[in-house]
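The values are calculated or read from the model by the stated rules, or taken from the named source; none is laboratory data. These numbers were taken from a predicted model, which means no experiment stands behind them. Cβ atoms come from the backbone with ideal geometry, glycine included; neighbour counts cover every protein chain shown. Keep in mind that these areas ignore ligands, DNA and RNA; they rest on the heavy atoms of the full protein, side chains included. Shrake-Rupley method; radii C 1.70, N 1.55, O 1.52, S 1.80 Å.
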Amino acid sequence: MLHFPPTGRQGERLGPRFRVLEEAFEARRAQVQTDPAGVVPEEVLVLETVGSVSHFMAAVRNVSGLEWLAEVDEEDIPPDDDFFDPKHEAKPLSRRLYLLFSNIQALNELLSLWHRWQSGEGLPHGKGRWKQVFTQLRDIRPWGIRDRLEETGILDDWRERVEHAEERVRGEIELWFRQDQEKRRLAESRVIHFLETEGGRAIRVSEIGDISYHAILAEFPIATVRRILAAEEIALVKCEQIQFFRATSQMSAILDEGEAEPEEERETPRAASDVPVAALLDGVPLQNHQRLTGLLILDDPDDLEATYSARERVHGSGMASLILHGDLEVSEDAPVRKLYVRPILRPDPRARDFGLPPSETVSENELVVDLLHRAVRRIYDGDGEQPAVAPSVRVINLSIGILDRPFEDMLSPLARLLDWLSWKYSVLFVVSAGNRQDDVVLDVRRDDLRSLTPDQVQELVLRFIASDGRNRRLLSPAESVNCLTVGGVHTDRCGEPLPGDFIQPLADEGLPSPINAHGLGFRRAIKPEVLNDGGRVVYRERPDGQPDRAVCSVVRSSRSPGQRIAAPGPGPGDLTFTCYSRGTSNATALVTRAAVKLYDVLQGLRDEPGGEIIDIVPEAIWLKALLVHTAEWGPAYDVLERVLRTPENSRKFREYVTRVLGYGGVRIARAESCTASRATVLSGGRLEADQMHVHRMPLPPALSGVRGRRRLTVTLAWLTPVNPRRHEWRRAQLWFEAARGDDDHLGVDRQEADWTAVKRGTVQHEILEGEKSKAFVDGDAVEIRVNCRADAGDLDDAVPYALIVSLEVAEELEVPIYEQVRERVHARVRVAPQP
């Protein structure tokens, strides 16, 4: 039990805060006298409680005039004299922010309840839950100007635009989503009224009720921007209907500098199939490049191709090249299928006009959520009279992120959109975690840096990254619950020696890239789920660093090291050029390439005995499960443990490693085939709330009584419907339990990822290992129970899931695992109510 302050102390602490609220409403009442007709004085209240309050929404419904908007969970809040755990007084706490719309009637009732609780009176029937709220209440305040402007990126963007003397500035105004349509209409009109009063205008409005999204693409005069930057409290920024102001054009790809190099002319191989399985939403690729010609299905309804010169088609060309061919340094198989490409980026005109680093961005004429919604809907439903353009697509690649939207605690609108679209269309979004290319500051004198060994440099880099977690958060939409988020591994196949002034940050193989964004994700779910080769990043010491600290910057170059990709040349007819690139974008594209290959593996399994199971589960879910199933931490954990583990962090060290490694690096070849010592079984089904399926993988009798290393890998994946009216968001929680105790015939124990974090997302992946000799009889099996429960309100749909189980032993044991498991596999699934 936590310690909460007594009633009198709460009065001392919070009495002034309630008075501030009263004053805010009085000011609002005076303001609305000059507002458009039909406006009722309202404020958004922020109630901060230590811990959550059960049945809080019921308490809100019992106060007329209160409207629930959102809830936000935050972890690792420092304790104080009022709120603490008596058993562990230094233990960090959790808190929850409740955001509510309130009118004056609701505030008066809330104040009445507060005063009654303070005086020791009982609360009226149906209002008793407020006693718990007041007991746990840490703060109460109105949502204000700082909430709307700070930490959204808009102020930095506006300062830059003022510096460049732009006359008109565009931005996104994100409104609170009101459940009542008439309230949404009034809110929108109110905001547009204030915008037009300032000489601005609304360019477009987007409203997507399924994800509670309502936003205005706005244009502001630069004079208004200057007034806001000067902290002038104009009516627009005080408008209670506004949740956030955000910059536009922040979903972008920052490009490396330098010229590409020509390769030998070659004939582009034909794709085995013209039917695409993967879609790339990115920049416009160089379609006639010798590595891409004839392999792309370009769908450009917005005519973004017209905004590009040939040499500006960098990011889309590189990502398409990686999906189709992989790293060009490696000789790989010919492309299996054509790639559908929908351009959503254009060259950043501000980079051209103001000499900024080259980049490709979403147009300032677009709301990125609206753009992606239209792009995906066009793939599956068509656009106007245009029928669906690529309904065969099962995987959509997003190797870009929103630079000024690092994940905090709330899901971004774009992440919410991807979650909803994933469920609606049964599609897997493969999304990059994001690159954080800030300087690294090493705890060594500048003069001593060059004398360090590679292992010593690596230790300093890893320590800095561990201390810099706040600045290395996921970039939207990587926190999406349904998507597969990908980080990079610091490795490539480039064998060229590094220039003498380059600093190689990491020496050991398999470590995550030093520029990766880290998890955890929403509700502390594992993000990124997997890592893949992302190319080696190198640094160069900054000459203006500190004498007692070496400051090193990422080398932004299209030269080696890295992964070799197709690239435009210096001239419009240069179609044979390549360059080097690195980052989570590359790793993501390579995972999408693997998904395309695994799709055809799935098609081959349809003809195998029991292959009808493939048709029960959407292919996107199979692909998600197969990709994660190959992941493991490998030697990276040993390196991180050696460098970073201390007695002080040992209890939470595995959680930290999970933030950095996720489920680990993928090894796709293991998903494509089995070996004599490794068998993989696929199963799946559809579960409703409070149901359970039992899956049995037969054990090979040759393993009975044999001592030696064995590994059981179990992966469960699904896509969840979502509920925008509940902060839990994920409607369906699925999880598996492997047999333990007397039913454990293998003698294996859980390894790697934190055992609590694996159940928080939409993929649970566990590795169990052991060496004990265990006796069993022919007919015994590994039993896996898959459960389902409602997690965010009612769960009305049956949820499809894929379950993949692998059993392998050390090759030197010479146990015919694959042969004996294959002989004994039978589809044995029963459905029973959850106990």
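Its residue count N sets the reference 2.2 N^0.38 Å, and the alpha-carbon radius of gyration of region 778-817 equals 1.95 times that reference. Using the Karplus relation 6.51 cos²θ - 1.76 cosθ + 1.60 with θ = phi - 60°, the per-residue 3J(HN,Hα) values for region 761-771 come to x, 10, 8, 10, 10, 10, 10, 10, 9, x, 10 Hz, with x marking Gly and Pro. Quick one: which of K131/K759; K91/K131; K91/K127; K624/K759 span more than 21 angstrom between C-alpha atoms? Beyond 21 Å between Cα atoms: K131/K759; K91/K131; K91/K127. Multiplying the residue separation of V694 and L452 by 0.36 nm and removing their Cα-Cα distance gives an extension gain of 81.6 nm. Under the combined filter of DSSP loop state and at most 16 neighbouring Cβ atoms within 10 Å, region 631-688 retains these GluC sites (Glu not before Pro): E648, E688. The H on the amide N of N516, modeled in the peptide plane, is under 5 Å from the matching H of R436, each at least 5 residues off or on a different chain.
Which whole-angstrom value gives the distance between the alpha carbon centres of region 703-731 and region 586-645? So the two Cα centres are separated by 13 Å. Converting phi to 3J(HN,Hα) with the Karplus coefficients 6.51, -1.76 and 1.60 and the offset θ = phi - 60°, region 363-374 yields 4, 5, 8, 10, 8, 4, 5, 5, 4, 5, 4, 5 Hz in sequence order, with x at every glycine or proline. Of the residues Y425, Y539, the one with the largest accessible area comes first in the ranking Y425, Y539, computed with a 1.4 Å probe on protein heavy atoms. Normalised by the number of residues in the chain, the mean separation of alpha-carbon contacts (under 8 Å, six or more apart) gives a relative contact order of 10 percent. Dipole size in debye (nearest 20) for the chain around its Cα centre, Lys and Arg Cβ +1, Asp and Glu Cβ -1? Once rounded to the nearest 20, the dipole reads 1680 debye. Remark: region 44-128 carries a charge dipole of roughly 460 debye about the Cα centre, counting +1 on each Lys and Arg Cβ and -1 on each Asp and Glu Cβ.
Solvent-accessible surface (1.4 Å probe) assigned to S273 amounts to roughly 30 Å². Taking Cβ atoms as reference points and 13 Å as the exclusive limit, the residues near E541 contribute a net charge of +1, counting Lys and Arg as +1 and Asp and Glu as -1. Across the options V530, I515, G500, the greatest Cα extent toward the positive end of the charge dipole of region 500-546 (unit charges at beta carbon of Lys, Arg, Asp, Glu) belongs to V530.
Per-residue extension of 0.36 nm, minus the Cα-Cα distance of V777 and D548, leaves a gain of 75.8 nm for this segment. By the equivalent-ellipsoid construction on the alpha carbon gyration tensor, region 359-436 comes out with semi-axes of 23, 15, 12 Å, ordered largest to smallest. Stretched out straight at 0.36 nm per residue, the stretch from D409 to E385 would grow longer than its current Cα-Cα span by 4.6 nm. Here's the picture: charge each Lys and Arg Cβ at +1 and each Asp and Glu Cβ at -1 in the chain, and of L345, L682, I784 the one pushed furthest to the positive end of that dipole is I784. Remark on M410: its backbone amide H falls under 5 Å from none of the residues 5 or more positions apart or on other chains, H modelled at 1.01 Å from N. Comparing L449, N435, P413 along the charge dipole axis of the chain, the residue lying farthest to the positive side is P413, per the Cβ-charge model. Remark: region 572-727 projects, on average over all directions, an area of 17.6 nm² (convex hull of Cα atoms).
Given R0 = 25 Å, the distance between the Cβ atoms of A306 and R352 translates into a calculated FRET efficiency of 0.95. Near T576: Cβ cut-off under 9 Å, other residues only, Lys/Arg at +1 and Asp/Glu at -1. The net charge is -2. Amide H contacts for L531 (H built 1.01 Å from N in the peptide plane; partners 5 or more residues away or on another chain; cut-off under 5 Å): G487, G664, G665, V666.
Computed from the alpha carbon atoms alone, the convex hull of region 442-581 holds 151 Å³ per residue. The magnitude of the dipole of region 418-531, with charges of +1 and -1 set on the Cβ of Lys/Arg and Asp/Glu and taken from the Cα centre, is near 620 debye. Rounded to the nearest Hz, the phi-derived 3J(HN,Hα) couplings of region 530-542 under the Karplus curve 6.51 cos²θ - 1.76 cosθ + 1.60 (θ = phi - 60°) are 9, 10, 8, 3, x, x, 7, 9, 10, 10, 9, 5, 7, where x marks glycine and proline. Ignoring solvent entirely, what values of log10 I(q)/I(0) come out of the Debye formula for region 148-270 at 0.11, 0.20 Å⁻¹ when each Cα is a single scatterer? Log-scaled intensity ratios, in q order: -0.46, -1.15.
The portion of the accessible surface of region 526-621 made up by carbon and sulfur, rounded to a whole percent, is 51 (1.4 Å probe; DNA, RNA and ligands excluded).
By the rule of a C-alpha distance below 23 Å, with chain neighbours fewer than 8 residues away ignored, the lysines paired with K238 are K183. Of the GluC sites (Glu not before Pro) found in region 142-171, the ones in coil according to DSSP and having at most 14 other Cβ atoms within 10 Å of their Cβ are E150, E151, E167. Computed on the Cα atoms alone, the convex hull of the chain gives a volume of 190 cubic angstrom per residue.
Contact order, relative form, for region 623-728: 39 percent (alpha carbon pairs under 8 Å, 6 or more residues apart, mean separation divided by residue count).
Accessible surface for F220 stands near 0 Å², nearest 10, in the context of the full protein assembly shown (1.4 Å probe).
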